[in-house]
Amino acid sequence: MSVLPAAMNAALLSEHGRLDVSSIPVPEPGPGEVLCRVLACGICGTDLKIVRGDFAGVWPPSLPFVIGHEWSGEVAALGPDTARSGLSVGDRVVAENHAGCSACPMCRSGRYNLCERVGEPGFKLYGHTAPGALAEFAVRPAVALHRVPRSVDDAAAALVNQGALTVHAARRVGLTAGATVAVYGPGLLGLLMLQVARASGAAAAVVVGRGERLRTAAELGATHLVDYEVDDPAAGVRAVTGGRGVDVVFDCSGNPAVLAQAVRSVRRGGKVAILGLAGGARAEVAVDAFALDELDLLGVRSSPNAYPAMISLLAAGAIRTDLLTADRYALADVGVAFEALAQRTAIRPIILPSK
Ligand SMILES: [Zn+2]
Ligand SMILES: [Zn+2]
């Protein structure tokens, strides 16, 4: 076993709006915890907002702070009381960002994404309230880790976090073979939702967006495209289904105005799933449609029990990642990577901290 260094490079949020690559101590794994070498870490819209200070005082609670929550790595050292984890040094892994308290009613029913103790001291949401993975090393509880086979490369594995969210969404709506779906917002989340929906049996998948990302959606299995800069989105979606509307709408846009369009896009008795956050914004919707058309509105948070399924989909080659992970950066270029995300020139900038 190689000797671990005492210090590591990390992208440190020292003041809002500013990330500096600094040398900080390598964290030590406590009881039940594992030290991982970070191999790939994606940065997402939430990271942009955290850096900007949109959630200051909460995500993170204080500065300086290491962000990063969409990553893959390998086990570098096992802390005490990890013998039953089944993990060994060198295993390639991905991490869930919280493990839940395992004691509250939600955790005990398997819905640990809704742990009722999130507000209590000691609750850790890694990359948000506890140190993230935009660094050479990161510590996580062994129970939050999942092994990844060699056939899934480091950058693809860094997509498991977002992909598992879309697996959870497909389960929430009870997606069935032959379904018609619409995906609003072809960012990384939407492009994974599209592919997971197709892999789950969706026969028709309409993607609503604009620009280059619609062409990417077509390459990744969209059967129809609606450019909202050209057409009314809901009318475009309905036209594809002979005016009837789709069975399910997945809102991956994070734009509050989309909810009203989603309600107009879905068939009677259909389902609308909301993935992601709109930054506290409010939406105006036709309330009567929910009663008169018996619509189901489903929130989707995190990815309980969904990591193994997403890893399996990637290992099986059911999800294409090459177009989603093409933009890769060294840790020293983290500022350039953030700019690429902000300017929409990269779908998902991937940092390779150990390169
Ligand atoms: Zn994210
Ligand atoms: Zn709990």
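A few points about this structure:
- Under-5 Å amide H pairs with Gly32, H placed in peptide plane, nonlocal only: Asp81, Thr82
- Based on Cα contacts under 8 Å between residues 6+ apart, the chain shows a relative contact order of 18 percent.
- Loop sites in the stretch 161-255: chymotrypsin sites (Phe, Trp or Tyr not before Pro), DSSP, at most 10 other Cβ within 10 Å: none
- Shape class of the stretch 245-355 from the Cα gyration tensor (axes a ≥ b ≥ c, square roots of the eigenvalues): prolate, since a/c reaches 1.5 or more and a/b is larger than b/c.
- For the stretch 56-206, the alpha-carbon radius of gyration amounts to 1.16 times the rule-of-thumb value 2.2 N^0.38 Å expected for a compact globular protein.
- GluC sites (Glu not before Pro), loop per DSSP, at most 10 other Cβ atoms within 10 Å - longest free stretch of the chain: 1-228
- Derived from the Cα gyration tensor, the three semi-axes of the equivalent ellipsoid of the stretch 20-109 are 25, 20, 13 Å, largest first.
- Distant-in-sequence amide H partners of Arg328 (H built 1.01 Å from N, under 5 Å): Ile350
- Once the Cα atoms are used to define both axes, helix 160-172 deviates from the longest principal axis of the chain by about 40 degrees.
- Vicinal HN-Hα couplings computed from phi for the stretch 78-94 (Karplus, 6.51 cos²θ - 1.76 cosθ + 1.60; Hz; Gly/Pro x): 9, x, x, 6, 10, 4, 8, 6, x, 9, 10, 4, x, 4, 7, 9, 10
- A convex hull fitted around the alpha carbon atoms of the stretch 165-300 yields 94 Å³ per residue.
- Proportion of all alpha-carbon pairs of the chain beyond 37 Å (%): 18
- Mean-position separation - Cα centroids, the stretch 254-328 and the stretch 179-224, in angstrom: 11
- Beta bridges per DSSP with both ends in the chain, % antiparallel, nearest 5: 55
- Anchor Lys355: aspartates and glutamates whose Cα lies under 13 Å away (excluding residues fewer than 8 positions away in-chain): Glu136, Asp154, Asp333
- The local environment of Ser303, defined by Cβ-Cβ distances under 14 Å, has a net charge of +2 under the rule Lys, Arg +1 and Asp, Glu -1.
- Seen against the Cα atoms of the chain and their longest principal axis, helix 188-199 is set at about 70 degrees.
Every number here is computed from the coordinates shown, using simple stated rules; none is lab data. Given the structure is predicted, the values throughout are model-derived calculations rather than measurements. Cβ coordinates were reconstructed from backbone atoms using ideal geometry, including for glycine residues, and neighbour counts include every protein chain displayed.
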